[in-house]
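**Student:** I'd like to ask you about the structure that follows.
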Amino acid sequence: MSSLGGLSLYNLGFGDEIIYFTPFTISLFIIALIFTIFVVISKPGRQIVISSGKDASVTKDFSDSELRFHRFLAIGCGLASIGAAVTGDLFNFSLFCALVGIINVGTFAIIKEQHVKDASFQYGLVVFAATLPLFAGAAVALAVSGSLSILELSKSVLTPVPVIAKLLLLLGVAGEGMAPFYAAKTDLFRSGGSSYLLICSLSSFLIFIRAIEIILVI
Amino acid sequence: MWDSFSLGLLLVFFSALITFIALIREKDDLHKLLLLLLLQILLIGIIALIGTDLAEAMVLAVLLVGIAEIIALTQIFVNKEGITCKRVRSLDIEVITLGKAPVILSVLLICYGIVLSGLAGGIIAGLGIVFFFMCNGYREPFAIIEIAAGLSFAIWIISFLVFMFLPQYWLFALMGAATGILFQVLAKLALAGTMWEGYHE
Amino acid sequence: MNPELILGLILILLGSVGAAFPKPDDYVTRLINLQVPGWGLLLVMLSFDETLALLSFCGVLAFSTFIFIRVIQKRGETG
């Protein structure tokens, strides 16, 4: 294990999938877990729209089932980012990133306003197009070095992973983690489910950091 | 140096480049979705070129991700364009709507699929049911099919747990997994066959 | 390099050119042209003996074609 993530503390073998805990992945795991618990216990807010020019304001209400589904998706996103933070397998990391992307698209698409729907469709196109470089990076790494386990790849006894595979992986993760841009563009951080939307930014942040660690280690 | 993987990878990446260029130049949303389906095919091509058993397992997972994204994006597209309820007619071909041929073919396909069992059997039997629904229309209650699919999924998961923790009962687990995936795939494909008529009762 | 692999790769290349720039630029032409790289991919999988992946890909391709035909029908126009 190279010294980037610290010494490997504990390896949890699950079949041939090895989940490993270094100080780095443990801290990511704890952050994701804390914010998932925040999502579980937090209550939704209310959006107040002030109409300009007049002395009036409108409170937008969200229906109960809508907010429940919003919370369900946010918990799913938290669990997916936990998985992406601790997994020790390159292909599983790609799968968790794709899962984060799909769930974020679903989180946007709940809101019933037209510009949010348009933005969620555009974000969905980006996520779908980004699965190609993401999984192609993992596939090229497997084909060149013959293994997908990050532990094996970091020992540098195998053929090193080519730079093009790392670039493809980074491009894919960048496409999947575009959620905060679209959330800021459509002003979603002020909407009723904003306490659930926090996990959207956090998951992008987590998968970016984890991807950079993986790219530097392998 | 230029073995089959390198040459194939070069060709597939070149095709992906062409697709991305077409994607940039395209303005219509549904056209973009169709181009993304092409991108998914190319991605599965990259993984299939590795040609090992592990690559085969990866293909299955990537197919799952792709079909999930296609369903999600088409649903968002339909929502976005505001197309809600426009009746879709069933296949109106006179030869297959009248006559006994669809029934006989479907029964043959379903029997063969049940004999095969497993994923391939599920696909074949499901195709029989799809063909039957496409030709005859349907009046069946879907709650029963859904309950059967859920139960078979539970049987499948239980068989996997048996494989992991009680490996000495592998024969029971094998039978359970084969039956479970047969009914699961069959029920899902049967739902696909009913898409042709745009209303449920 | 067996013949299935070569034929499959050629079909993937030609089919993706055909699906990226279809001549009458409507949905159905693009959807029909999409089946050509699908067949190429099936040939590639056949040359590497990937039976399970081949069968699943058949199912998924048919399923997504269903979905897209239904969306195009709902949209109710070509173009």
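The values are calculated or read from the model by the stated rules, or taken from the named source; none is laboratory data. The model shown is predicted, which means the values in this text are computed figures rather than measured ones. As a convention, Cβ positions derive from the backbone with ideal geometry for all residues, glycine included, and neighbour counts pool all protein chains shown.
**Student:** State all residues of the range C:8-22 that are more than 8 Å from chain B (Cβ to nearest Cβ), crowded, with 16+ Cβ neighbours inside 10 Å and under 16 Å from B:L42 (Cα atoms); if no residue qualifies, say none.
**Tutor:** C:G8, C:L11, C:G15, C:G18
**Student:** Criterion first (within 20 Å of C:G18 (Cβ to Cβ) and at the interface with chain C (Cβ under 8 Å from one of its Cβ atoms)) does B:L60 satisfy it?
**Tutor:** no
**Student:** Right, B:I96: more than 8 Å from chain C (Cβ to nearest Cβ), in a helix (DSSP H, G or I), modelled with pLDDT of 80 or more and more than 17 Å from C:I67 (Cβ to Cβ) or not?
**Tutor:** Against the criterion (more than 8 Å from chain C (Cβ to nearest Cβ), in a helix (DSSP H, G or I), modelled with pLDDT of 80 or more and more than 17 Å from C:I67 (Cβ to Cβ)), B:I96 does not qualify.
**Student:** Name every residue in the range C:47-57 that is in a helix (DSSP H, G or I) and more than 7 Å from chain B (Cβ to nearest Cβ), in order of residue number.
**Tutor:** Hits for the range C:47-57 are C:S47, C:T51, C:L54.
**Student:** Could you check, for the range C:60-72, whether at least one of its residues is part of a loop (DSSP other than H, G, I, E, B) and over 13 Å from the mean Cα position of the chain (by Cα)?
**Tutor:** No, that holds for no residue.
**Student:** Conditions first: (1) more than 16 Å from B:V12 (Cβ to Cβ); (2) more than 7 Å from every other protein chain (Cβ to nearest Cβ); (3) part of a helix (DSSP H, G or I). C:D25 passes all but one, so which condition is the exception?
**Tutor:** Every condition holds for C:D25 apart from (3).
**Student:** Test B:I76 against the criterion of being crowded, with 19+ Cβ neighbours inside 10 Å, more than 10 Å from chain C (Cβ to nearest Cβ) and either not in a helix (DSSP H, G or I) or not polar (S, T, N, Q) (or both), and give yes or no.
**Tutor:** Criteria met by B:I76.
**Student:** For the structure I just gave you, tell me whether A:L148 is surrounded by 16 or more Cβ atoms within 10 Å (Cβ to Cβ), at pLDDT below 90 and at the interface with chain B (Cβ under 9 Å from one of its Cβ atoms).
**Tutor:** Yes, satisfied.
**Student:** Let me ask something else. What pairs come out if I take residues in the range A:100-116 that are facing chain B (nearest Cβ under 8 Å) and pair them with residues that are basic (K, R) and surrounded by fewer than 24 Cβ atoms within 10 Å (Cβ to Cβ) whose C-beta lies under 7 Å away, six or more apart or interchain?
**Tutor:** Sorted first by the residue in the range A:100-116, then by its partner, the pairs are A:A109/A:K117.
**Student:** Can I ask one more? Using the structure shown, decide if A:I218 is at pLDDT 85 or above and over 26 Å from A:V58 (Cβ atoms).
**Tutor:** No: the conditions fail for A:I218.
**Student:** Quickly run through the range B:36-57 and pick out the residues that are at the interface with chain C (Cβ under 7 Å from one of its Cβ atoms) and under 20 Å from the mean Cα position of the chain (by Cα).
**Tutor:** Of everything in the range B:36-57, those that are at the interface with chain C (Cβ under 7 Å from one of its Cβ atoms) and under 20 Å from the mean Cα position of the chain (by Cα) turn out to be B:L37, B:L38, B:I41, B:L42, B:I44, B:G45, B:A48, B:E56.
**Student:** Which of the residues belonging to the range A:97-120 are surrounded by fewer than 23 Cβ atoms within 10 Å (Cβ to Cβ) and assigned to a helix (DSSP H, G or I)?
**Tutor:** Result: A:L99, A:G106, A:A109, A:Q114, A:H115, A:V116, A:K117, A:D118, A:A119.
**Student:** Out of everything in the range B:16-51 that is among the β-branched types (V, I, T) and without any contact (Cβ under 8 Å) to a residue 24 or more places away in the chain, what residue ends up being nearest to A:L142 (Cα to Cα)?
**Tutor:** B:I47
**Student:** Mind listing whichever residues of the range B:1-28 are of a type in the set (A, V, I, L, M) and touching a helix residue (DSSP H, G or I) at 6+ places or on another chain (Cβ under 8 Å)?
**Tutor:** Matches in the range B:1-28: B:L7, B:L9, B:L11, B:V12, B:A16, B:I18, B:I21, B:A22, B:L23.
**Student:** Could you say which residue among C:V60, C:V44, C:V71 is within 7 Å of another protein chain (Cβ to nearest Cβ), touching a residue at least 40 places away in the same chain (Cβ under 8 Å) and not hydroxyl-bearing (S, T, Y)?
**Tutor:** Step by step, each of C:V60, C:V44, C:V71 is checked, and only C:V44 is within 7 Å of another protein chain (Cβ to nearest Cβ), touching a residue at least 40 places away in the same chain (Cβ under 8 Å) and not hydroxyl-bearing (S, T, Y).
Yes/no per residue for (1) over 23 Å from C:I10 (Cβ atoms); (2) acidic (D, E); (3) at pLDDT 90 or above:
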position: B:L11; (1), (2), (3): no, no, yes
position: B:I18; (1), (2), (3): no, no, yes
position: B:A22; (1), (2), (3): no, no, yes
position: B:K32; (1), (2), (3): yes, no, yes
position: B:L39; (1), (2), (3): no, no, yes
position: B:G45; (1), (2), (3): no, no, yes
position: B:L54; (1), (2), (3): yes, no, no
position: B:I67; (1), (2), (3): yes, no, no
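**Student:** Which ones in the range B:1-50 are assigned to a helix (DSSP H, G or I) and of a type in the set (K, R)?
**Tutor:** Once the filter is applied, which keeps residues that are assigned to a helix (DSSP H, G or I) and of a type in the set (K, R), the range B:1-50 yields B:R25, B:K32.
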